Amino acid sequence: MDLENAGATSLLLEGEDVPPVLEDNAEGSSPFLLTCDHYGRTIPRILGDLGLPANEFTRHIAWDPGIAGVADALSKHLDAHLIAQRYSRLVIDCNRPPGAASSIPLISEATTIRGNEGLTREEAKARRQAIFDPYHRRIHEVIDRRLRESIPTVLVSLHSFTPVYAGIPRPWHIGTLYHRDTRLPPLLLKLLRAESDLVVGDNEPYAVSDETDHTIPVHGEARGLMNSGIEIRQDLIADQAGEKLWADRLARIFAEIETMLRAERLF
Ligand SMILES: [Zn+2]
């Protein structure tokens, strides 16, 4: 980290704040590189509670409930490198282009984030330099190393979605999210749809775009990697048993995909 960044980081994160980047299985043998932009809901101590009551931090506006447990278990099952981000998306959203209105949200769903009102340019920059930049720099470095060492790499970005949004229930159990990759998403959709108990969203409840996403366009598409996002409905991973079931299921599916990709000599 250069001196300029080190200085800016100290403006926001202090000695007792945890580092933004969490990694597991950095030497894992799997071709799947797992990322988790909305893994945590920590708030830097200096920001207090962002003007929100405690119950707002249990909601999806603060993080992706359930996905941390799935990501941890999936990383272990697959022996896959996981790179995750510990701070709440309400501080800065690590899957939004910096500068976008939703990057440091003033309103999330119907909740006003008072701690994000009236931020100076320097305060917004400090959030980016303390949280967003180290996370994305780390993903970039890991992909650099893997490409340099000719390690097969498929980017999988893990998320969860709220079962009801703005009063409308969502029918899907799981969805794939993609834009430009034509290799991984069809395989993933085929295997998910083969699970007879699942309602599978094809770019539902969200699709990836350059305007609304960061991780897949920047680390997947721009680096030429096969990639897909995955969104799991939060009520299905609301406890450890649910997280385990979904991690087991996804581990089985990704193992099949790895076999198919190797058979097609895609790496
Ligand atoms: Zn998410």
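The values are calculated or read from the model by the stated rules, or taken from the named source; none is laboratory data. All values derive from a computational prediction rather than experimental measurement. Cβ sites come from the backbone with ideal geometry, for glycine too, and all protein chains shown count toward neighbours. For accessibility, only protein heavy atoms count, side chains too; no ligands or nucleic acids. Shrake-Rupley method; radii C 1.70, N 1.55, O 1.52, S 1.80 Å.
Could you list, in sequence order, all residues of the stretch 31-70 that are within 13 Å of the ligand (Cβ to nearest atom), hydrophobic (A, V, I, L, M, F, W, C) and within 24 Å of A166 (Cβ to Cβ)? The answer is I61, A62, W63, I67. Among the residues of the stretch 140-170, those identified as more than 15 Å from the ligand (Cβ to nearest atom), at pLDDT 95 or above and not hydrophobic (A, V, I, L, M, F, W, C) are H140, E141, D144, R145, R146, R148, E149, S150, P152, T153, P169. Within the stretch 240-251, residues that are of a type in the set (D, E) have Cβ atoms under 6 Å from residues that are in a helix (DSSP H, G or I) in these pairs: E243/G69; E243/V70; E243/I237, counting only partners at least 6 apart in sequence or on another chain.
If you go through the stretch 145-176 and keep only what is assigned to a strand (DSSP E or B) and surrounded by fewer than 16 Cβ atoms within 10 Å (Cβ to Cβ), you end up with V164, Y165, I168, P169. Scanning the stretch 98-106 finds no residues that are in contact (Cβ under 8 Å) with a residue 12 or more places away in the chain, touching a strand residue (DSSP E or B) at 6+ places or on another chain (Cβ under 7 Å) and at negative phi.
Residue check: is E243 assigned to a helix (DSSP H, G or I) and over 17 Å from the mean Cα position of the chain (by Cα)? Give the steps one after another, and end with the answer.
Values: assigned to a helix (DSSP H, G or I): yes; over 17 Å from the mean Cα position of the chain (by Cα): no.
Judged against the criteria, E243 is not a match.
Only residues that are among the charged types (D, E, K, R), surrounded by fewer than 19 Cβ atoms within 10 Å (Cβ to Cβ) and closer than 14 Å to Q234 by Cβ were counted in the stretch 41-73, giving 1. I'd like to check which strands (runs of 3 or more DSSP E) are fully inside the stretch 1-118 and have at least 1 residues that are out of contact with any Cys (no Cβ under 8 Å at 6 or more places or on another chain). Where strands (runs of 3 or more DSSP E) fall fully within the stretch 1-118 and carry at least 1 residues being out of contact with any Cys (no Cβ under 8 Å at 6 or more places or on another chain), they are 21-24, 32-36.
Would you point out which residue out of R86, R127, R137 is open to solvent by 60 Å² or more (accessible area, probe 1.4 Å), more than 15 Å from the ligand (Cβ to nearest atom), farther than 21 Å from F254 by Cα and at pLDDT 95 or above? Don't jump to the end; show me each part of the working.
Numbers: R86 fails: more than 15 Å from the ligand (Cβ to nearest atom); R127 fails: open to solvent by 60 Å² or more (accessible area, probe 1.4 Å).
It is R137.
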